[in-house]
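Colleague: Got a structure here, written out as structure tokens. Questions coming.
The values are calculated or read from the model by the stated rules, or taken from the named source; none is laboratory data. Because the structure is predicted, anything quoted here is derived from the model rather than measured. Ideal geometry is used to build each Cβ from the backbone, glycine not excepted, and the neighbour counts take in all protein chains shown. Ligands, DNA and RNA are excluded from the accessible area calculation, which covers all protein heavy atoms including side chains. Shrake-Rupley method; radii C 1.70, N 1.55, O 1.52, S 1.80 Å.
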Amino acid sequence: MPPLVSPLTSPRLGLATRLDLVEDGGDGTVVPVDYKKGHPNRDGRAWPSDRMQSLVQALLLREEGYAVEWAEIWYAETRQRVHIAVDDAAMQEITDTVARAWRVASDPVAPPPLRDSPKCARCSLVGICLPDELEALKTPPRQRRPLKRLMAPVLEGRPVYVTLQGATVGVRSDRLEVRSSGELQASYRLIDVSQVCVFGNVTVSAQGVRALLSRDIPVLWFSYGGWFSGMAEGLPGKNVDLRIAQFRASEEQQLEIARRMISGKIRNSRTMLRRNARAELGRVGDQLKELAIQARQADSPQQLLGIEGTAARLYFASFPAMVGKGSRVDVSDFQGNGRTRRPPKDPLNALLSFCYTLLVKDLTVTLSGIGFDPYYGMFHRPRFGRPALALDLAEEFRPLIAESVVLQVLNNGEVGPRDFRSRAGGCMLEASGRKAVLRAYERRLDQEITHPQFGYKASYRRVMDIQARVLGAVVLGELDEYTAMVTR
Ligand code: SF4
């Protein structure tokens, strides 16, 4: 017999297995023994997946020329050995199962998530696969039951923002270090870092970039004024099927998704005004309600664009009414300017632009991490360097996150006139203002809300991730329609 090498592999069957122990079974036979931490099932038998693993071990040992007549599993919790018969029927069963598994794996369309399965609660993929959430979205809202608690209501890791000009960012002993003139300014454990965002004249060492990318931590570069200029991330997302489905989405499907996103955005804008405007909303509320309905029925992307533009003009005309007496910043210029972008012309526009940049940055990272191409949009047309899909998904979150942060920093007096600088007809945030906004923005993302569709608590950071996965389920055909994140 050849000496045993673990892992055992069989290119013919497309299988590999590790062996914990192989015992002499007598009469020239061997017995693979697998160690498990847990316990057998209620009947004292091996769990189906454990049994399959033992059968794969037996199959590969037989391929190597060993005689195997049974296998065993040692369950440490109950200190029990469980016998697994290795006869012709069992070998046929595992061969058929492996062939079926390969057929599923090579099918370009992944099987849909399980329905109401007890397996999901114990599955490590449940927060990615979202089987209960997708099932809930297929059920009419009135018949939906609140879902169980979300396994990971809050995402681990936080972004690190480096705004100190001249600073250097590097990695040493599994810690991210920020230095200025050689002096250590800040240090973070890498396991606590989800992204590194650098503004202006900040250097990230080559070794630091490599260490960050190897841990799937993207590095994002912004201009000093807060313009999102680019990002570096590890290898592209492995979910190539999702990208194929994204590119193949028909024009009708793209328009339908865009209709729902824009309608959701208009409804969230209306809710925002209803909650925060000091004066009576009057006709604006009714007009926005009507525009949200029209958005759902738009015949073409151009018509949808027109509806979105009208709603935005109405909404921003009323926006200053939400700025309270606590604000130290004069927002009266915004009344005359309206929404201005490049450059923003007044402090309120500067705040809005910066918060939208942060939102699009996070959605770019989220979509890319899931496997989407963030540059290929449904509503925003692809254009060189524009993360169109992130801009699409940002629509429904603008009022909920970006504009909410703007109102918070103004109404709580977290920014004042000195936090802005006017130059060449534009207005930009000073470093102190950016820091205040970044703090408020991160606070908002950490805020837990009751999810309007699923009834459980989740942070906004997590809600954005869920929403991107729902979009993925729609383009993959697991869901018939996209449901925007709309608060009541
Ligand atoms: S969570 Fe998804 S992958 Fe895990 S068992 Fe359920 S359906 Fe399967």
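Colleague: With a/c under 1.5 counting as rounded, go ahead and sort segment 264-355 into rounded, prolate or oblate using the C-alpha gyration tensor (a ≥ b ≥ c being the square roots of the eigenvalues; past the cut-off, prolate if a/b is larger than b/c, else oblate).
Modeller: oblate
Colleague: Calculate the FRET efficiency for Ser214 and Leu125 from the Cβ-Cβ distance with a Förster distance of 25 Å, rounded to the nearest 0.05.
Modeller: Rounded to the nearest 0.05, the efficiency is 0.65.
Colleague: May I pose another question? Specify whether the C-alpha gyration tensor of segment 202-296 places it in the rounded, prolate or oblate class, a ≥ b ≥ c being the square roots of the eigenvalues: rounded for a/c under 1.5, otherwise prolate if a/b is larger than b/c and oblate if not.
Modeller: Oblate is the answer for segment 202-296, as a/c is 1.5 or above yet b/c matches or exceeds a/b.
Colleague: In terms of modelled amide H atoms, which long-range or inter-chain residues lie less than 5 Å from the amide H of Val204?
Modeller: Placed amide hydrogens put Val169 under 5 Å from Val204.
Colleague: Turning to a different aspect of this structure: For Thr29 and Val109, what does the FRET efficiency come to when R0 = 41 Å and r is the distance between their Cβ atoms, rounded to the nearest 0.05?
Modeller: It comes out at approximately 0.45.
Colleague: Net charge around Ile191, counting only other residues with Cβ within less than 14 Å of its Cβ (Lys, Arg = +1; Asp, Glu = -1)?
Modeller: Here the count lands on 0.
Colleague: Based solely on its DSSP helices, what 222 nm [θ] is calculated for the chain when runs of n ≥ 4 H residues each add -39,500 (n - 2.57) and the sum is averaged over all residues, nearest 500 deg cm²/dmol?
Modeller: The per-residue figure over the chain is -13500 deg cm²/dmol.
Colleague: Among the lysines, which fall within straight-line cross-link reach of Lys435, defined as a Cα-Cα distance under 26 Å, with same-chain neighbours fewer than 8 residues apart omitted?
Modeller: Output for Lys435: Lys325, Lys345, Lys361.
Colleague: Further question: Among all the lysines, which ones have a C-alpha under 19 Å from Lys138's C-alpha, if same-chain residues fewer than 8 places away are not counted?
Modeller: Output for Lys138: Lys148.
Colleague: What is the antiparallel percent of DSSP beta bridges lying wholly in segment 158-232, to the nearest 5?
Modeller: Bridges in segment 158-232 are about 60 percent antiparallel.
Colleague: Counting only DSSP beta bridges with both residues in the chain, what percent are antiparallel, rounded to the nearest 5?
Modeller: The antiparallel proportion sits near 70 percent.
Colleague: Right, here's the next one. Given a Förster radius of 35 Å and the C-beta distance between Ser117 and Ser422 as r, what FRET efficiency does 1/(1 + (r/R0)^6) yield to the nearest 0.05?
Modeller: The computed FRET efficiency comes out at 0.05.
Colleague: Hydropathy first: keep DSSP H helices in the chain averaging at least -1.0 on Kyte-Doolittle, then drop any whose Cα extent along the axis falls short of 30 Å, and list what survives.
Modeller: 347-370
Colleague: With a 1.4 Å probe and every protein chain kept in, tell me what percent of the accessible surface of the chain is carbon plus sulfur.
Modeller: 51
Colleague: Compute the Cα gyration tensor for segment 71-201, then decide on rounded, prolate or oblate, letting a ≥ b ≥ c be the square roots of its eigenvalues: rounded whenever a/c is under 1.5, prolate when a/b is larger than b/c in the other cases, and oblate in all that remain.
Modeller: It comes out prolate by the Cα gyration axes.
Colleague: Report the trypsin sites (Lys or Arg not before Pro) located in segment 41-143 that are in a DSSP loop and have at most 16 other Cβ atoms inside 10 Å of their Cβ, or state none.
Modeller: Arg42, Arg45, Arg79, Arg115
Colleague: What number in nm² do you get for segment 158-232 if you take the convex hull of its Cα atoms and divide its surface by four?
Modeller: Projected area, direction-averaged: 4.4 nm².
Colleague: Next question. I'd like to check one number: the per residue accessible area of the chain, probe 1.4 Å, reported in Å² as a whole number.
Modeller: The answer is 51 Å² per residue.
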